[in-house]
Amino acid sequence: GTTRPQLRIVIVGHVDHGKSTLVGRLLHETGGLPDGKLEMLKAVSARRGMPFEWSFLLDALQTERDQGITIDTTQIRFRTKLRDVILIDAPGHAEFLRNMITGASQADGAVLIVDALEGVRDQTRRHAYLLHLLGVKQVAVVVNKMDRVDFSALRFQAISDEISAHLIELGVTPAAVIPISARDGDGVATHTDRIGWYRGPTVVGALDALKPALALDELPLRLPVQAIYKFDDRRIVAGRIEAGHLAVGDDVVIMPAGKRAKIKSVERWSAMPLEGEHGAGRSVGITLDRELFVERGDVIAHVGAVPSDTRRLRARIFWLHDQPLTAGSSILLRLGVREVRGRVVAIEKAIDPGELASVETKQIARNHVGEIEIALAQPVAADRYIDNPRTGRLVIEVGGRIAGGGLVLSIDAAQRAVS
Ligand code: GDP
């Protein structure tokens with residue numbers, strides 16, 4: 001059968017603007033709650049003489065997860081018509097940025113929530129900036145608590161205009177701006193009379209319209225070479241297919257050298273030749289139809305869809321080392337299996353994740369985010385993160401330890417090594 005695409009989303013917004021309430025509602029409306037959970041919590045609230053809050057649901061689920069009761073111990077999930085939605089927890093900015101930028105977690109899209117009465121606040125703007133830093137391009141905005149402004153279309157439009165302008169300035173075009181009452185349910189999964197003037201999608205509808213992560217299989221072939229083995233007279237080039245797929249007879253290019261060959265065979269370690277197509281995530285050994293110099297760290301790609309070869313790139317990184325990163329620092333860069341020495345040419349930006357604002361300094365402190373330019377001792381084959389979320393990542397080592405990780409923002413094509 002067909003597999004439903006997974007959509008990983010994060011919900012952000014000013015505290016108290018209704019994130020937990022929206023999540024509780026979404027779980028309820030999409031049937032994502034364990035049987036009887038809602039009734040039980042409503043009964044408990046009534047017994048204690050306090051009004052039921054949708055956020056109790058999250059607290060209850062969180063407690064169970066902490067105690068290891070539920071099977072799915074890490075994430076909140078629910079199903080819309082078209083997608084399996086996974087909510088990524090955003091514990092604190094620093095931790096969140098670290099996880100996202102170093103690749104521990106990844107969001108395909110985001111929901112930014114704004115209280116209709118309170119309007120766009122500083123924290124709302126900082127969260128918009130956070131989404132920009134993370135490279136999240138698909139953002140649905142919800143204007144929540146419309147019940148508190150009598151479902152005024154005018155108020156909605158004013159907030160919609162303000163937040164849209166701000167997002168667009170950051171390079172993010174909102175996928176939708178949706179008036180809702182998370183508490184009462186208007187606009188979450190259904191259009192109601194109270195928002196009868198609104199013609200756009202509901203929150204669930206907007207989530208269905210977001211694009212799931214690029215399927216790695218559908219990206220251009222990237223086979224980073226891990227090792228070369230000699231068996232009798234054959235040389236087997238081994239590695240893991242990070243993106244795309246390959247088959248016997250394909251015309252390929254060895255990057256960064258740019259030499260061409262044909263795939264002669266695809267081998268398994270039993271030395272049994274393999275037929276057919278081989279896709280992302282699979283480890284393979286291939287032989288080529290020509291004797292070429294291939295080394296660990298090279299990347300095999302298809303003719304016409306090769307990564308850039310460069311000695312210079314720009315990256316957005318999360319810095320983990322005690323010693324701040326400064327211009328002129330010598331580093332060891334890992335791009336996939338490739339290791340290459342480099343030097344930080346410039347620190348273009350340093351960002352304090354707590355404040356979510358640029359800081360003046362020309363260095364990147366521990367647990368800060370930065371944008372840097374790196375010069376490399378040797379040419380490498382590289383992809384930009386927006387083109388390939390797998391091969392567009394890098395790790396920085398200092399003194400034999402991981403000191404930072406990040407995303408390749410751009411590759412300086414003027415610094416190509418060979419032609
Ligand atoms: P969070 O801090 O962003 O997670 O916000 P919560 O979900 O905890 O909500 C904060 C408060 O706003 C709670 O008292 C909610 O009951 C209330 N709230 C959330 N959504 C709505 C809504 O649509 N209408 C109204 N009137 N109150 C809401």
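The values are calculated or read from the model by the stated rules, or taken from the named source; none is laboratory data. Bear in mind that the values here come from a model prediction, so they are computed numbers and not experimental data. With ideal geometry, Cβ positions are generated from the backbone for all residues, glycine too; neighbour counts draw on all protein chains shown.
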Quiz item: Quick one: in region 181-198, which of the residues that are of a type outside the set (S, T, Y), surrounded by fewer than 21 Cβ atoms within 10 Å (Cβ to Cβ) and over 15 Å from G18 (Cβ atoms) is nearest to the ligand (Cβ to nearest atom)?
Solution: R194
Quiz item: Which of the following residues is modelled with pLDDT of 95 or more, surrounded by fewer than 16 Cβ atoms within 10 Å (Cβ to Cβ) and over 17 Å from A94 (Cβ atoms): R343, R401?
Solution: R343
Practice problem: Find the residue count for region 204-214, including only residues that are part of a loop (DSSP other than H, G, I, E, B) and within 16 Å of the ligand (Cβ to nearest atom). | Solution: 0
Quiz item: Quick one: which of I178, I159, I236 is touching a residue at least 40 places away in the same chain (Cβ under 8 Å) and either among the charged types (D, E, K, R) or within 16 Å of the ligand (Cβ to nearest atom) (or both)?
Solution: I159
Quiz item: buried (at least 21 other Cβ atoms within 10 Å of the Cβ), at pLDDT 95 or above and either among the acidic types (D, E) or outside any loop (DSSP other than H, G, I, E, B) (or both), is that true of A301?
Solution: yes
Exercise. Determine which member of the set P201, P224 is crowded, with 21+ Cβ neighbours inside 10 Å, under 26 Å from the mean Cα position of the chain (by Cα), more than 15 Å from the ligand (Cβ to nearest atom) and not in a helix (DSSP H, G or I).
Key: P224
Practice problem: Would you mind telling me which numbered condition in (1) in contact (Cβ under 8 Å) with a residue 60 or more places away in the chain; (2) within 24 Å of R316 (Cβ to Cβ); (3) among the charged types (D, E, K, R) K137 fails? | Solution: (1)
Exercise. Just need a number here: residues in region 248-285 that are modelled with pLDDT under 95 and farther than 24 Å from T310 by Cα.
Key: 21
Practice problem: State yes or no: is S164 assigned to a loop (DSSP other than H, G, I, E, B) and either closer than 21 Å to K19 by Cα or without any contact (Cβ under 8 Å) to a residue 24 or more places away in the chain (or both)? | Solution: no
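Every residue, every condition in (1) hydrophobic (A, V, I, L, M, F, W, C); (2) touching a residue at least 60 places away in the same chain (Cβ under 8 Å), yes or no:
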residue	(1), (2)
I300	yes, yes
I317	yes, yes
S329	no, yes
V337	yes, yes
R343	no, no
K349	no, no
A365	yes, no
V369	yes, yes
I372	yes, no
Quiz prompt | Members of region 15-50 found to be under 16 Å from V85 (Cα atoms) and among the aliphatic types (A, V, I, L, M), listed by number | solution = L22, V23, L26, L27, L33
